[in-house]
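Down below is the structure, laid out as structure tokens.
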Amino acid sequence: MAGQCVSRRLSATSRYYLWWVALCSVLVMPLLPWLFQGPESGAGLARVVHVDGQGAGSGPPGTSLGLVLPTLPPWALALLVMSWAGWAMASLSRTILALRALRDAKLAARPFPPAREARLETWRSLRARGRRAELGVSDSVRAAAVLGLTSPAIVVAPSALAALDDEELDQIVVHEWAHVQRRDDCACLVQRVIVALAGLHPAVWWINRQLNLERETACDDWAVNATGSARGLAASLTKLAAIPGRPADAVLLPAA
């Protein structure tokens, strides 16, 4: 309960970085026996776990407990390795396809209407700061998203362009600008590769979901700080969600 209260007091950006620390810890944990005690110790941990630091059957009765873990037969180990390799290859292939779709979306994006951009007051005050991004119009996104990695672009779907007024569109564009400044496009790619290589590790999947949630919350905070209107952003996001269209954007497109 105390931990939950502390986490609620932290900003979304702080929680986001803490989840990255947790993810790195999960990935490094299996390597600790080899890093600190050598490969022989790591191999031993796969067979016996000692509660009191003594071998099974040694010392007075009741002072030591040895838990012998069964060794996997070669065929089972080979099956696990093949399953992991198949999962990783399929996931990495989907990531490559997502990168190609990202490239195609950039090439197909159209220039943003200059007259409409001139009416986005907050965006005009921020667009020259930090990491630069251009505005565009794209049929490849559901509403609004970042086409990132190299030369990032913030693109808006024609349906969103027509449905949102200038103030609402300004809120959404600033939210996407926050993704650009935080380099969430690069982080999404790193997460995707980690999930692909980690296989079906439940902790990695859960932390990946938390990272995605905190990323969007952090960008909401950035947008509220820039525009000064939490209600305005909430209303804009609600209206954006009601626009009919494709169900969701690709994993490599940080989107409102």
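Worth pointing out:
- Divide the volume of the convex hull around the Cα atoms of the range 121-254 by the residue count and you get 108 Å³ per residue.
- Net lengthening on full extension, V190/Q210 (0.36 nm per residue, minus Cα-Cα): 5.7 nm
- Within the accessible area of the range 85-144 (1.4 Å probe), percent carbon and sulfur: 58
- Note on L31 and R231: the extension gain reaches 67.3 nm, defined as 0.36 nm multiplied by sequence separation minus the Cα-Cα distance.
- Using all pairs of distinct alpha-carbon atoms, the Kirkwood hydrodynamic radius of the range 160-225 works out to 13.4 angstrom.
The values are calculated or read from the model by the stated rules, or taken from the named source; none is laboratory data. Just so it is clear, the model here is predicted, and its values are computed rather than measured. In case anyone asks, the SASA skips ligands and DNA or RNA and just uses the protein heavy atoms, side chains included. Shrake-Rupley method; radii C 1.70, N 1.55, O 1.52, S 1.80 Å.
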